[in-house]
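Chemist: First the structure, then my questions, so here it is.
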Amino acid sequence: MTNSFERDLIAALPALRRYALSLCRKSDIADDLVQTCVERALAARVRYDPGERLDPWLFRILRNAWLDMTRRMVTRGTEIDVTETPEAAIQDGARVTEAVLFLHETERAMAALPDDQREVLHLVCFEELSYAETAEVLGIPKGTVMSRLARARIALAERLGIN
C-alpha cells in the first residue's frame with residue numbers, strides 16, 4: 001500500500017515531465033530526468049517537510065539533475081538521435097491547423113528565449129508555481145523571478161507579433 005508521499009509523487013509525474021521537456025526539449029532525456037528525480041526524491045524523502053508543497057521540492061531536484069546531466073554532456077560532445085522525425089499534424093480543419101501552427105510558433109519562440117527566462121516562464125505559467133516557490137526552485141531572489149518573467153513575456157509577445 002502506498003503512503004501519501006508516494007501518491008503525491010505519482011500525481012506530480014506529469015508536471016515533472018513537462019518541466020523536464022521544457023529544460024531539455026527531448027522526450028527521451030526528459031524521461032531519464034524524471035526517473036532520476038523520482039529516485040532522488042525517494043532516497044531523500046526523510047528531508048522533505050510535509051508541511052510544504054511537494055511540487056517545488058521535486059522541481060528543484062529535477063533542475064539539479066538537469067544541471068548535473070548537462071555538465072556531464074559537455075564532456076561527451078554532440079550527440080545526434082538518428083531516429084528523430086518531425087511530427088505531422090494529423091487532424092484536419094482550418095481552426096485546428098491554425099492552432100497547431102500557432103502552438104509550434106509559440107514553442108519555437110519559447111525555445112529562443114534565454115534559458116533563465118524560459119525556466120521562469122515555464123514554472124510560473126505552466127506549472128503554476130508562485131513567485132516565491134519559483135525563486136526557491138531556482139535558488140534566486142523573488143524579485144529576480146519577477147523581472148525575468150516580465151522580460152520573458154515581453155520577448156515572447158514580440159516574437160509572436162502580439163502587441
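What follows draws every value from the coordinates through simple rules; no lab data is involved. This is a predicted model, so every value here is computed, not measured. Reconstructed Cβ throughout: ideal geometry from the backbone, glycine too, with neighbour counts over all protein chains shown.
Chemist: Along Cα→Cβ, 7 Å out, is where each label goes; now give me the distance between the ones at Arg25 and Leu67 in nm to one decimal.
Modeler: 2.2 nm
Chemist: Something else now. Any chance you could run the full-extension gain for Ala157 through Ala132? It's 0.36 nm times the residue separation minus the Cα-Cα distance, nm to one decimal.
Modeler: 6.6 nm
Chemist: Could you work out [θ]222 nm for the chain from helices alone, using -39500 (n - 2.57) per DSSP H run of at least four and dividing by all its residues? Round to the nearest 500 deg cm²/dmol.
Modeler: -22500 deg cm²/dmol
Chemist: To continue, here is another question. Which order do peptides 43-55, 13-25 fall in by mean Cβ count within 10 Å, highest first?
Modeler: Averaged packing, sorted descending, gives the order 13-25, 43-55.
Chemist: For region 1-82, divide the Cα radius of gyration by the Kirkwood radius and give the resulting Rg/Rh value with two decimals.
Modeler: Using only Cα positions, Rg/Rh for region 1-82 is 1.02.
Chemist: Hey, got the Cα dimensions of the chain along the principal axes, in Å, largest first?
Modeler: That gives 51, 40, 38 Å along the principal axes, largest extent first.
Chemist: Find the relative contact order for the chain and round it to a whole percent, using C-alpha pairs within less than 8 Å whose residues are 6+ positions apart.
Modeler: Across the chain, relative contact order equals 23 percent.
Chemist: Once you have the Cα-Cα distance between Thr106 and Asp8, take 0.36 nm times their residue separation minus that, and quote the gain in nm to one decimal.
Modeler: In short, 32.2 nm is gained.
Chemist: Which one of Ala30, Ala94, Ala135 has the biggest mean-square fluctuation once the chain is modelled by GNM with Cα springs under 10 Å?
Modeler: Top of the fluctuation ranking is Ala94.
Chemist: Oh, and also: Evaluate E = 1/(1 + (r/R0)^6) for Asp49 and Thr144, where r is the Cβ-Cβ distance and R0 equals 25 Å; express this FRET efficiency to the nearest 0.05.
Modeler: Approximately 0.55, to the nearest 0.05.
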